[in-house]
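**Student:** Structure provided below as structure tokens; questions to follow.
The values are calculated or read from the model by the stated rules, or taken from the named source; none is laboratory data. Quick caveat: nothing in here was measured; it's all calculated off a predicted structure. Positions of Cβ are generated from backbone atoms using ideal geometry, with glycine treated the same way; all protein chains shown enter the neighbour counts.
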Amino acid sequence: MSEEGCKFGHVFEVNEHDSGSGADLRSEIKKGNIASLEELSDELDDEPNSYLLRPIMGDHFKMLKLSADSQGMPYNLVLSAADTFDDDLGYEVPKTEENIHISPQSQIHQQFMQRKQEAEQNVNQTAASLSSLRKDKHVIEHDIRKLRNRVEAIEAGSEGDEARLKADFIEMVDGAMGQGQGQGDEGSMQFLQSQNIYPSIVADFTEMDGLDDLKPEDDDGTGKLAQLPENEKAILKKKWVMYEKWKDLFGSEVKRRLKDMKKELQAKERGIQETKTQLEPYIRMPRP
């Protein structure tokens with residue numbers, strides 16, 4: 001209201017919105033239909049227990065600030081304040097926020113700080129555990145991809161994978177036979193080649209597709225390696241039989257390992273979800 005239109009002796013600034021308690025009265029004052037305290041009082045005769053100026057002041061908020069040396073008194077007052085303001089004083093009481101401030105000199109402040117530090121420590125430990133689980137999961141996923149590719153290659157029987165399997169057998173299996181028994185690798189193909197006993201035996205073994213390669217064509221063989229000395233062919237035959245048995249065991253072992261890795265991945269994923277659940281109460285943000 002402007003001072004010219006106000007007959008109360010004071011200048012009042014009311015909320016400009018036209019909603020909430022007293023909106024009709026504020027509108028009438030602005031129009032000039034209510035120009036004195038007497039006229040306002042006449043309008044409020046039908047509203048029992050109403051203070052004279054409250055209806056024209058608009059919706060407003062009150063902050064209640066308390067201080068006390070004990071926990072019980074402030075909480076009791078806060079819990080009863082809504083009913084006191086609502087029933088006894090005629091206010092509408094929407095609760096918007098509740099805060100508590102504890103003096104650093106009080107014992108309860110120390111207790112709260114100790115709990116806060118314990119909570120932070122729990123969060124840090126749980127977060128570190130979560131990070132470790134995620135790293136383990138990534139490593140397992142990488143190993144699973146490698147094992148899955150190896151299984152698919154073995155089942156497909158590609159030439160590239162067959163050559164890799166032969167190389168693994170020559171280096172890790174055949175070359176390690178006899179160790180711990182005083183024989184070393186003297187019976188391995190690599191040793192026979194290095195000693196120039198059978199210089200081409202490693203290449204001949206790598207070239208083999210089966211035992212038929214050691215037979216001549218007139219003996220139902222392919223004749224591909226039939227020209228080799230009989231002693232070398234005997235060794236190659238023995239090595240090939242060992243290789244076939246190892247390859248079957250190797251393929252089964254890879255499949256078994258792949259199955260175990262999948263179970264381990266599921267366990268890590270469950271651990272990650274459980275750890276997130278443990279963290280949730282500490283990091284949940286309050287909704288506005």
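**Student:** Do any residues in region 217-245 that are assigned by TED's automatic domain parsing to the domain that holds Phe191 have Cβ atoms under 6 Å from those of residues that are of a type in the set (Asp, Glu) and surrounded by 11 or more Cβ atoms within 10 Å (Cβ to Cβ), where the two are at least six apart or on different chains, and which pairs are they?
**Tutor:** Here the result reads Gly221/Asp212; Thr222/Asp212; Thr222/Asp213; Gly223/Glu217; Lys224/Asp213; Leu225/Asp204; Leu225/Asp213, each pair linking region 217-245 to a residue that is of a type in the set (Asp, Glu) and surrounded by 11 or more Cβ atoms within 10 Å (Cβ to Cβ).
**Student:** Say we look at region 169-198 and pick out the residues that are part of a loop (DSSP other than H, G, I, E, B) and at pLDDT 65 or above; which of these is surrounded by the most Cβ atoms within 10 Å (Cβ to Cβ)?
**Tutor:** In this case the residue turns out to be Ser188.
**Student:** Moving on. Answer yes or no: is there a residue in region 127-137 that is more than 21 Å from Leu279 (Cβ to Cβ) and either assigned by TED's automatic domain parsing to the domain that holds Leu265 or without any contact (Cβ under 8 Å) to a residue 24 or more places away in the chain (or both).
**Tutor:** no
**Student:** Among the listed residues Lys146, Lys137, which satisfies the condition of being assigned to a helix (DSSP H, G or I) and modelled with pLDDT of 85 or more?
**Tutor:** Lys137
**Student:** Residue pairs, Cβ under 8 Å, 6 or more apart or interchain, first in region 262-276 and within 16 Å of Lys135 (Cβ to Cβ), second polar (S, T, N, Q) and in a helix (DSSP H, G or I). List them.
**Tutor:** Every condition considered, the pairs that remain are Thr275/Thr126; Thr275/Ser129.
**Student:** Name the residues in region 246-284 that are touching a helix residue (DSSP H, G or I) at 6+ places or on another chain (Cβ under 6 Å) and β-branched (Val, Ile, Thr), would you?
**Tutor:** Val254, Ile272, Thr275
**Student:** Could you tell me whether Lys237 is of a type in the set (D, E, K, R) and in a loop (DSSP other than H, G, I, E, B)?
**Tutor:** no
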